[in-house]
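The values are calculated or read from the model by the stated rules, or taken from the named source; none is laboratory data. The structure presented is a predicted model; accordingly, all values stated were derived computationally and were not measured. As a convention, Cβ positions derive from the backbone with ideal geometry for all residues, glycine included, and neighbour counts pool all protein chains shown.
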Amino acid sequence: MIGMGRKRFFWVSLVVMALGAVLLVNAAASGGPLQLNQRLLIQGIGVDKTEEGVLVSVHVSDPLQQGAIQLYQAEGSTVLTALDQLSQTSGKVPLYSHNMMVILGRECAEDGAEKYMDFFVRYYETRPSVSVFMAEEEARDILETQQDGEYPDTETLVQLAQSGSINGWVVNTRVIDFVNQLAGEGSSPYMPVLGTEENQIQVTGTALFRQDVLCGILSPEESRILLLITKRLTGGQVLAEEDEAGKITLSIQKATACVSTALEKERPVLQIGIQCELEISSMDMMRFSGDGAQMIDDLEKQLSQKLTEQTGQVLNRTLGELHSDPFGFGRLLMQTQTGWWKEKGKNWESEMANCQFSVEADVSINRVEAEVPPLH
C-alpha cells in the first residue's frame with residue numbers, strides 16, 4: 001500500500017510539473033505578464049455623444065511620474081470600442097479597476113443615459129461603486145480643464161460628490177445607485193452636475209431623469225430639499241436676515257423628514273413632516289440691544305415658513321412639471337397603497353403629477369447664550 005501511495009504521488013507531481021511547464025511556455029510566447037508601465041491606469045472616464053458614436057476622454061495616472069495625470073482621447077461607435085482605441089494610440093492595455101468616476105456629457109443624458117452607462121455596469125473590470133456625474137455641457141470640458149498646467153487629481157473630483165456633508169446641497173450618486181434607481185419601480189435617477197468657472201471645477205446642481213432621459217436640473221438650494229427628504233442631509237449652512245443683527249449664518253445640526261401616504265378620492269396624498277435643528281454660527285452684529293430670545297423666535301418662524309414654501313415648490317416642479325420622482329415617493333406608494341399601485345403603477349410617473357401633498361416644517365434654533373448675547 002505504501003508503494004502504491006508513492007507511485008500515485010509521483011504521477012500527480014509529474015502532471016503538476018507538466019502543467020507548470022505549459023503555463024511557462026505560454027507566458028513566454030505571449031511576452032510574459034504585463035508590467036505596470038505597460039498598463040493604462042485609468043482614473044476617470046468622460047463620455048460625449050458624437051455623430052458617429054462617442055468620444056471618450058480618459059484621465060490616466062502615470063506610475064513613473066508619481067501618479068501625474070495624463071489625458072487620452074479616442075472615438076468609436078460604442079464606449080468600449082472607443083476605449084479599445086486607446087491601446088492603439090498608446091501601445092498600452094487599459095486597466096479599468098482603478099477608475100474612480102464616470103462623467104456623461106449632457107447630450108448623452110438627453111439621448112438616454114442607459115446605453116452609455118451599460119459598459120460601466122456590465123464589463124467585468126469595472127466597479128459599481130464608481131461616482132457618476134453629468135457635465136453641464138461636454139464631459140471633455142471637465143477632463144480637459146487644467147490648473148497651473150496640470151490636470152486635477154481625480155480623487156479630488158470624486159470628493160466633490162462627497163461634499164454634501166459639508167455644504168448640504170451636493171448629491172452623491174454611484175453607478176450602482178443610478179442602476180437601482182432606473183431599474184427599481186417607483187423612483188427616478190439623479191446625479192450631480194459638474195461645471196467649470198475660471199478653470200475651477202465645481203458641482204452646480206442635480207440632474208433629474210425621467211426613466212433614463214434628462215428632464216431637468218435642480219439648483220443647489222433645490223438639491224438640499226432632495227437631500228432632506230431622502231434623509232441624506234447631514235450638514236450645511238442656512239442664511240437668514242434680521243433687522244438689528246443683519247445677516248445671520250446658521251449651521252444645520254440635524255434634519256429629518258417623515259413621509260406618510262393616504263388616498264383621497266383615488267388620488268394619492270403625501271404628508272411630509274420636517275424637523276430641522278440649527279445653530280447660529282455668525283452674525284453681522286456681535287453686539288445688539290434687542291431681545292435675543294425674541295429674535296430667535298422670529299427666526300424660527302421665518303425659517304419654518306421658508307422651508308415649507310421651498311419644499312412645496314420643489315415638489316411641484318419635480319412631480320408636477322418634470323414627472324420625475326427622485327424622492328422615491330412612488331416606491332413608498334407601492335409599499336403602502338398596493339391597490340392603487342396595481343391599478344396605476346404602469347404609468348406611475350405621470351400619475352405622480354396628480355399627487356396632493358401637505359408640508360409642515362418645524363425649525364428650531366439651539367439657544368446658546370454665548371452665541372446671542374443680549375446687551376442692554
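Filter segment 260-283 down to the residues that are closer than 22 Å to Glu300 by Cα and surrounded by 14 or more Cβ atoms within 10 Å (Cβ to Cβ) and list them by number. Before the answer, list the steps.
So in segment 260-283, the residues closer than 22 Å to Glu300 by Cα come out as 271-283.
Hits for segment 260-283 are Gln271, Ile272, Gly273, Ile274, Gln275, Cys276, Glu277, Leu278, Glu279, Ile280, Met283.
Yes/no matrix, rows are residues, columns are (1) assigned by TED's automatic domain parsing to the domain that holds Ile142; (2) closer than 24 Å to Glu349 by Cα; (3) in a loop (DSSP other than H, G, I, E, B):
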| residue | (1), (2), (3) |
| --- | --- |
| Asn180 | yes, yes, no |
| Leu194 | yes, no, no |
| Leu208 | yes, yes, no |
| Ser223 | no, yes, no |
| Ala240 | no, no, no |
| Thr249 | no, no, no |
| Gln253 | no, no, no |
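Is at least one residue of segment 135-157 outside the structural domain of Gly235 (by TED's automatic domain parsing), under 21 Å from Asn180 (Cβ atoms), touching a helix residue (DSSP H, G or I) at 6+ places or on another chain (Cβ under 7 Å) and part of a strand (DSSP E or B)? Quick ask: steps written out before the conclusion?
Here is the first cut: in segment 135-157, the ones outside the structural domain of Gly235 (by TED's automatic domain parsing) are 135-157.
Then keep just the ones that are under 21 Å from Asn180 (Cβ atoms); that gives none.
Taking every residue of segment 135-157 in turn, none turns out to be outside the structural domain of Gly235 (by TED's automatic domain parsing), under 21 Å from Asn180 (Cβ atoms), touching a helix residue (DSSP H, G or I) at 6+ places or on another chain (Cβ under 7 Å) and part of a strand (DSSP E or B).
Which of the residues spanning segment 338-376 are assigned to a loop (DSSP other than H, G, I, E, B) and modelled with pLDDT of 90 or more?
Cys355
When the residues of segment 160-185 are filtered to those that are among the aliphatic types (A, V, I, L, M) and under 13 Å from the mean Cα position of the chain (by Cα), which remaining residue is modelled with the lowest pLDDT?
Taking the candidates together, the pick is Ala161.
Of all residues being out of contact with any Phe, Trp or Tyr (no Cβ under 9 Å at 6 or more places or on another chain) and of a type in the set (A, V, I, L, M, F, W, C) in segment 180-215, which is surrounded by the most Cβ atoms within 10 Å (Cβ to Cβ)? Just the residue, please.
Checked segment 180-215; the qualifying residue surrounded by the most Cβ atoms within 10 Å (Cβ to Cβ) is Leu214.
So the check is Cβ under 8 Å with 6+ separation or different chains; which pairs have a first residue in segment 138-156 that's at negative phi and a second one that's of a type in the set (A, V, I, L, M) and part of a helix (DSSP H, G or I)?
Pairs found: Ile142/Leu157; Tyr151/Leu143.
When you look at Asp111, is it surrounded by fewer than 21 Cβ atoms within 10 Å (Cβ to Cβ) and either among the basic types (Lys, Arg) or under 19 Å from Thr78 (Cβ atoms) (or both), yes or no?
Answer is yes for this residue.
Among what's in segment 300-345 and is crowded, with 17+ Cβ neighbours inside 10 Å and β-branched (Val, Ile, Thr), pick the residue that is farthest from Gln237 (Cα to Cα).
Thr318
Mind checking which residues of segment 314-337 are out of contact with any Pro (no Cβ under 8 Å at 6 or more places or on another chain) and assigned to a loop (DSSP other than H, G, I, E, B)?
Answer for segment 314-337, where residues must be out of contact with any Pro (no Cβ under 8 Å at 6 or more places or on another chain) and assigned to a loop (DSSP other than H, G, I, E, B): Leu322, His323, Ser324, Asp325, Phe327, Gly328.
Which of the following residues is within 30 Å of Leu250 (Cβ to Cβ) and either of a type in the set (A, V, I, L, M) or at pLDDT below 90 (or both): Leu157, Leu95, Leu64, Leu80? Spell out how you get there, then give the answer.
Numbers: Leu95 fails: within 30 Å of Leu250 (Cβ to Cβ); Leu64 fails: within 30 Å of Leu250 (Cβ to Cβ); Leu80 fails: within 30 Å of Leu250 (Cβ to Cβ).
It is Leu157.
Tell me yes or no: at least one residue of segment 83-97 is outside any helix (DSSP H, G or I), surrounded by fewer than 17 Cβ atoms within 10 Å (Cβ to Cβ) and polar (S, T, N, Q).
No, segment 83-97 contains no residue that is outside any helix (DSSP H, G or I), surrounded by fewer than 17 Cβ atoms within 10 Å (Cβ to Cβ) and polar (S, T, N, Q).
Looking only at segment 49-82, count how many residues are surrounded by fewer than 13 Cβ atoms within 10 Å (Cβ to Cβ) and either of a type in the set (A, V, I, L, M) or within 18 Å of Thr126 (Cβ to Cβ) (or both).
1
Got a sec? Which of Val175, Val213, Val193 is closer than 21 Å to Val79 by Cα and out of contact with any helix residue (DSSP H, G or I) (no Cβ under 8 Å at 6 or more places or on another chain)? It would help to see each step written out before you state the result.
On the way: Val175 fails: out of contact with any helix residue (DSSP H, G or I) (no Cβ under 8 Å at 6 or more places or on another chain); Val213 fails: out of contact with any helix residue (DSSP H, G or I) (no Cβ under 8 Å at 6 or more places or on another chain).
Among Val175, Val213, Val193, only Val193 is closer than 21 Å to Val79 by Cα and out of contact with any helix residue (DSSP H, G or I) (no Cβ under 8 Å at 6 or more places or on another chain).
Of everything in segment 114-135, what is touching a Ser or Thr at 6+ places or on another chain (Cβ under 8 Å), within 20 Å of Asn172 (Cα to Cα) and surrounded by fewer than 20 Cβ atoms within 10 Å (Cβ to Cβ)? Give them in sequence order.
Thr126, Arg127
In segment 237-266, what residues are modelled with pLDDT under 90 and among the charged types (D, E, K, R)?
Those that are modelled with pLDDT under 90 and among the charged types (D, E, K, R): Glu241, Glu242, Asp243, Glu244, Lys247, Lys265, Glu266.
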